[in-house]
Amino acid sequence: MSEAIINKFADADVLLDDAAYQKIQEQKESLLLVEALINQLKLPNEDILIITGAMVDEYLDNNKPDTNSPVSDEYINDSVGLMEAPEFSRFIVSESQGEVKNDGHPGTKDPEVEIDFSKKDKPEINSEINSKTEKPEIEIIKEEGTGTISSNSITSSETTSASPFNFEVIKDASRKSYTNGEIKDLSAYFNSRYHKLKEMLQRKKDLKSPQPIQELENIQDVVNVIGMVNEVRNTKNNHKLIEVEDETGTASVLVHNENHSLFEDAERVVKDEVLGVVGTRKGSLIMASQLINPGTPRIDEKEMDFSMVFLSDTHIGSSTFLGDAFDRFIKWINGEFGDKEHKNIANNVRYLILAGDIVDGIGVYPHQDKELVIKDIYEQYAEAARLFGEIDDIQIIITPGNHDAGRLAEPQPAIPEEYAADLYKLKNVEFVSNPSMVNLEGINVLIYHGRSFDDFAMTVKGMSHQHTELIMKELLEKRHLAPIYGERTPLASEVEDHLVIDEVPHVFHTGHVHINSYKKYKGIHLVNSGTFQSQTEFQKIYNIVPTAAQVPVLHNGNMKVLKFN
Ligand code: D5M
Ligand code: FE
Ligand code: ZN
């Protein structure tokens with residue numbers, strides 16, 4: 001049966017039992033029949049109607065076709081099987097498959113980016129920043145958690161060894177071979193995503209042996225499938241209709257709005273994620289009873305006897321880069337600034353992670369040069385090297401963002417040495433990809449710049465740039481850093497999908513939105529590290545209020561946010 005028919009039934013909130021489904025399928029003019037059935041049988045206020053085989057028979061008896069009337073060709077093909085291989089499949093190689101729509105920046109390049117932030121929730125403005133006339137130059141503005149100091153602290157041999165840091169790169173996409181991003185690799189990319197996530201889903205008790213979609217027609221009672229989401233939409237009566245696809249076909253899943261908790265789950269479903277569905281088959285549809293994510297287990301929290309500092313979005317080179325505040329930050333981290341408590345924290349810092357948008361870049365958006373004080377990308381990185389070069393005895397880890405030099409499509413390889421020669425000369429700096437995972441003295445930190453937050457903030461109800469912790473939770477549950485393909489986040493069609501969250505981290509560090517957030521979720525520290533850039537012209541238009549110069553520090557397992565302006 002064609003998609004047109006499935007959609008017609010779903011829009012009208014009509015379900016078919018198996019007999020009705022068979023009978024409609026046998027009819028030549030099935031689409032016309034569907035319309036007629038809906039019109040005749042569905043009462044305007046009725047919620048969901050189930051059409052039985054007997055009802056179809058009765059209708060056909062009462063409305064014998066006029067054998068003289070011509071049969072419209074348009075509908076003849078509608079009576080082909082329902083759950084069969086789709087014409088377009090993301091699992092099948094085809095030269096015409098979709099491409100990443102935009103690769104750039106907020107603002108003017110792509111009309112889709114022109115979103116009215118003013119309609120969104122107003123960002124929370126830190127009252128301290130706005131109301132104080134006399135600002136202290138350093139201040140702890142947030143403290144959270146009850147972290148413990150490990151008794152088995154780092155041994156002296158480790159601290160005095162040639163490399164003083166017990167630090168390892170666990171996952172770095174730059175070290176893998178890349179495709180040249182040709183479209184023919186797209187099916188391999190989606191296959192990789194599907195199979196990695198399917199394997200995780202099959203560990204769930206309800207999804208141990210999922211049925212191929214093509215075989216659903218033969219199943220009478222409970223069905224369970226694992227599919228990639230092609231589309232999510234609302235029916236006229238505000239139920240959710242989710243189309244999922246596996247390697248054998250596509251199926252439409254209906255989520256009834258009276259099933260409140262399931263409907264809430266459905267509101268968070270996004271295009272291109274891999275989802276488990278348990279339900280019952282009603283003719284052409286699956287009536288969902290459960291939507292299952294690959295999920296994240298609660299992790300055992302690791303003890304920490306050291307501190308790590310999280311930065312992102314320094315935007316060096318921009319006229320809105322907060323140089324004075326950054327100088328204070330450098331002094332603080334070197335133990336030369338602040339009171340005793342501030343200095344105690346600084347002295348405990350062993351790692352600094354910089355999660356992208358290190359420099360402002362050039363030509364990232366139209367007329368950017370007007371907002372630059374350093375108009376040369378090499379000079380911007382040279383200035384970054386000068387600033388970070390002042391930091392001693394701390395291991396620095398740098399990943400790229402959408403303003404940095406190099407490939408924009410994710411996974412983004414580490415910032416190329418040719419652009420950042422002076423930074424590369426610093427002995428204590430390690431460059432890794434976006435995303436990547438590093439292990440710092442037993443603590444696994446997943447680093448992702450956060451470009452996909454734009455897609456979530458724009459498409460998922462209740463999600464916004466102000467509360468990236470909600471999006472980060474969702475990414476962990478979906479086990480993918482950027483599930484939505486082909487919108488604002490450019491994804492390279494690699495043979496392996498490096499954005500799948502293969503391993504659950506202890507710390508998940510992001511940036512991009514220029515607004516700090518912190519939350520502990522299932523034992524995982526979710527950290528967004530804000531920015532060192534004051535509000536830009538673009539952000540003024542969209543009412544983005546940055547939390548500038550506020551630096552999150554995980555100090556012995558407790559979150560502290562230090563403010564430098
Ligand atoms: O991002 C700076 C800010 O702009 C950050 O709050 C995210 C927001 N932003 C960036 N790109 C987009 C798109 N495409 N849509 C909506 N909002 C966006 P930066 O990466 O530093 O320029
Ligand atoms: Fe940024
Ligand atoms: Zn960014």
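How many residues does segment 354-375 contain that are in a helix (DSSP H, G or I) and either closer than 30 Å to Asn439 by Cα or of a type in the set (D, E, K, R) (or both)?
Number satisfying all stated conditions: 3.
Report yes if some residue within segment 403-411 is over 24 Å from Ser517 (Cα atoms), out of contact with any strand residue (DSSP E or B) (no Cβ under 7 Å at 6 or more places or on another chain), within 13 Å of ligand 1 (Cβ to nearest atom) and outside any helix (DSSP H, G or I); otherwise report no.
Taking every residue of segment 403-411 in turn, at least one turns out to be over 24 Å from Ser517 (Cα atoms), out of contact with any strand residue (DSSP E or B) (no Cβ under 7 Å at 6 or more places or on another chain), within 13 Å of ligand 1 (Cβ to nearest atom) and outside any helix (DSSP H, G or I).
Would you say Ile447 is in a strand (DSSP E or B), surrounded by 23 or more Cβ atoms within 10 Å (Cβ to Cβ), hydrophobic (A, V, I, L, M, F, W, C) and within 16 Å of ligand 3 (Cβ to nearest atom)?
Details: in a strand (DSSP E or B): yes; surrounded by 23 or more Cβ atoms within 10 Å (Cβ to Cβ): yes; hydrophobic (A, V, I, L, M, F, W, C): yes; within 16 Å of ligand 3 (Cβ to nearest atom): yes.
Judged against the criteria, Ile447 is a match.
Residues being of a type outside the set (Gly, Ala, Ser) and within 16 Å of ligand 1 (Cβ to nearest atom): count how many of those fall in segment 331-368.
Residues meeting the conditions: 11.
So, of the residues in segment 499-549 that are of a type in the set (A, V, I, L, M, F, W, C), crowded, with 21+ Cβ neighbours inside 10 Å and more than 18 Å from the chain's Cα centre (by Cα), which turns out to be nearest to Glu371 (Cα to Cα)?
If we take residues in segment 499-549 being of a type in the set (A, V, I, L, M, F, W, C), crowded, with 21+ Cβ neighbours inside 10 Å and more than 18 Å from the chain's Cα centre (by Cα), then Phe532 is nearest to Glu371 (Cα to Cα).
Tell me which of these Glu418 doesn't satisfy, since it passes every other one: (1) closer than 21 Å to Thr296 by Cα; (2) in a loop (DSSP other than H, G, I, E, B).
Condition not satisfied by Glu418: (1).
Looking at segment 331-363 only, could you name the residues that are on the phi > 0 side of the Ramachandran plot, in contact with a helix residue (DSSP H, G or I) (Cβ under 9 Å, 6 or more places away or on another chain) and surrounded by 21 or more Cβ atoms within 10 Å (Cβ to Cβ)?
Taking segment 331-363 as the starting set, the residues that turn out to be on the phi > 0 side of the Ramachandran plot are 335, 338, 356-357, 361, 363.
With in contact with a helix residue (DSSP H, G or I) (Cβ under 9 Å, 6 or more places away or on another chain) added as a condition, the list becomes 335, 338, 361, 363.
Of everything in segment 331-363, those that are on the phi > 0 side of the Ramachandran plot, in contact with a helix residue (DSSP H, G or I) (Cβ under 9 Å, 6 or more places away or on another chain) and surrounded by 21 or more Cβ atoms within 10 Å (Cβ to Cβ) turn out to be Gly338, Gly361.
Can you find even one residue in segment 322-330 that is of a type in the set (Gly, Ala, Ser), more than 21 Å from Gln535 (Cβ to Cβ), away from ligand 1 (no atom under 16 Å from the Cβ) and modelled with pLDDT of 95 or more?
The answer is no; no qualifying residue exists.
For segment 423-443, indicate whether the set of residues that are within 16 Å of ligand 2 (Cβ to nearest atom) and in contact with a Lys or Arg (Cβ under 6 Å, 6 or more places away or on another chain) is non-empty.
The answer is no, given that none of the residues of segment 423-443 is within 16 Å of ligand 2 (Cβ to nearest atom) and in contact with a Lys or Arg (Cβ under 6 Å, 6 or more places away or on another chain).
In the set Glu410, Glu301, Glu390, Glu379, which member is touching a residue at least 40 places away in the same chain (Cβ under 8 Å), over 28 Å from His525 (Cβ atoms) and among the charged types (D, E, K, R)?
None of the others qualify; the one that does is Glu379.
What about Arg488, is it within 16 Å of ligand 1 (Cβ to nearest atom) and among the basic types (Lys, Arg)?
Here the answer is yes, as Arg488 does meet what is asked.
Among what's in segment 308-320 and is closer than 25 Å to Asn439 by Cβ and either within 14 Å of ligand 1 (Cβ to nearest atom) or surrounded by fewer than 23 Cβ atoms within 10 Å (Cβ to Cβ) (or both), pick the residue that is farthest from the chain's Cα centre (by Cα). Can you show your working first?
From segment 308-320, those closer than 25 Å to Asn439 by Cβ are 308-314; that's our starting set.
Okay, now just the ones that are also either within 14 Å of ligand 1 (Cβ to nearest atom) or surrounded by fewer than 23 Cβ atoms within 10 Å (Cβ to Cβ) (or both), so 311-314.
Working: Leu311: 20, Ser312: 18, Asp313: 18, Thr314: 22 Å.
Among residues in segment 308-320 that are closer than 25 Å to Asn439 by Cβ and either within 14 Å of ligand 1 (Cβ to nearest atom) or surrounded by fewer than 23 Cβ atoms within 10 Å (Cβ to Cβ) (or both), the one farthest from the chain's Cα centre (by Cα) is Thr314.
Can you tell me which residue is farthest from the chain's Cα centre (by Cα) among those in segment 485-498 that are away from ligand 2 (no atom under 16 Å from the Cβ) and of a type outside the set (D, E, K, R)? Walk me through how you get there before you give the answer.
Initially, segment 485-498 is screened for residues away from ligand 2 (no atom under 16 Å from the Cβ), giving 485-487, 491-498.
Pick out the ones that are also of a type outside the set (D, E, K, R) and you get 485-486, 491-493, 495, 498.
Numbers: Tyr485: 10, Gly486: 12, Leu491: 12, Ala492: 15, Ser493: 16, Val495: 19, His498: 13 Å.
Filtering segment 485-498 for residues that are away from ligand 2 (no atom under 16 Å from the Cβ) and of a type outside the set (D, E, K, R), the one farthest from the chain's Cα centre (by Cα) comes out as Val495.
For segment 217-265, which residues satisfy the criterion of being among the aliphatic types (A, V, I, L, M), over 24 Å from the mean Cα position of the chain (by Cα) and either in a helix (DSSP H, G or I) or surrounded by fewer than 21 Cβ atoms within 10 Å (Cβ to Cβ) (or both)?
Passing the criteria: Ile219, Val222.
Given the criterion under 18 Å from Pro297 (Cα atoms), in contact (Cβ under 8 Å) with a residue 40 or more places away in the chain and within 16 Å of ligand 1 (Cβ to nearest atom), identify the matching residue among Leu481, Leu476.
Going through Leu481, Leu476 in turn, just one is under 18 Å from Pro297 (Cα atoms), in contact (Cβ under 8 Å) with a residue 40 or more places away in the chain and within 16 Å of ligand 1 (Cβ to nearest atom): Leu481.
Take the residues in segment 299-320 that are closer than 22 Å to Ala405 by Cβ and hydroxyl-bearing (Ser, Thr, Tyr), then tell me which one is farthest from ligand 3 (Cβ to nearest atom).
If we take residues in segment 299-320 being closer than 22 Å to Ala405 by Cβ and hydroxyl-bearing (Ser, Thr, Tyr), then Ser319 is farthest from ligand 3 (Cβ to nearest atom).
Of the residues that sit in segment 321-353 and are under 14 Å from Val551 (Cα atoms) and assigned to a strand (DSSP E or B), which one is nearest to the chain's Cα centre (by Cα)?
Ile353
Going by what's in this entry, would Met458 be described as within 15 Å of ligand 1 (Cβ to nearest atom), free of Cβ contacts under 8 Å to residues at least 12 places away in the same chain and either closer than 23 Å to Phe538 by Cβ or polar (S, T, N, Q) (or both)?
Against the criterion (within 15 Å of ligand 1 (Cβ to nearest atom), free of Cβ contacts under 8 Å to residues at least 12 places away in the same chain and either closer than 23 Å to Phe538 by Cβ or polar (S, T, N, Q) (or both)), Met458 does not qualify.
Provide a single number: the residues in segment 509-533 that are near ligand 3 (Cβ under 10 Å from one of its atoms) and in contact with a Pro (Cβ under 6 Å, 6 or more places away or on another chain).
2
The values are calculated or read from the model by the stated rules, or taken from the named source; none is laboratory data. Everything quoted here is computed from the prediction, not taken from an experiment. Heads up, the Cβs are rebuilt from the backbone with ideal geometry, glycines too, and the neighbour counts pull from every protein chain shown.
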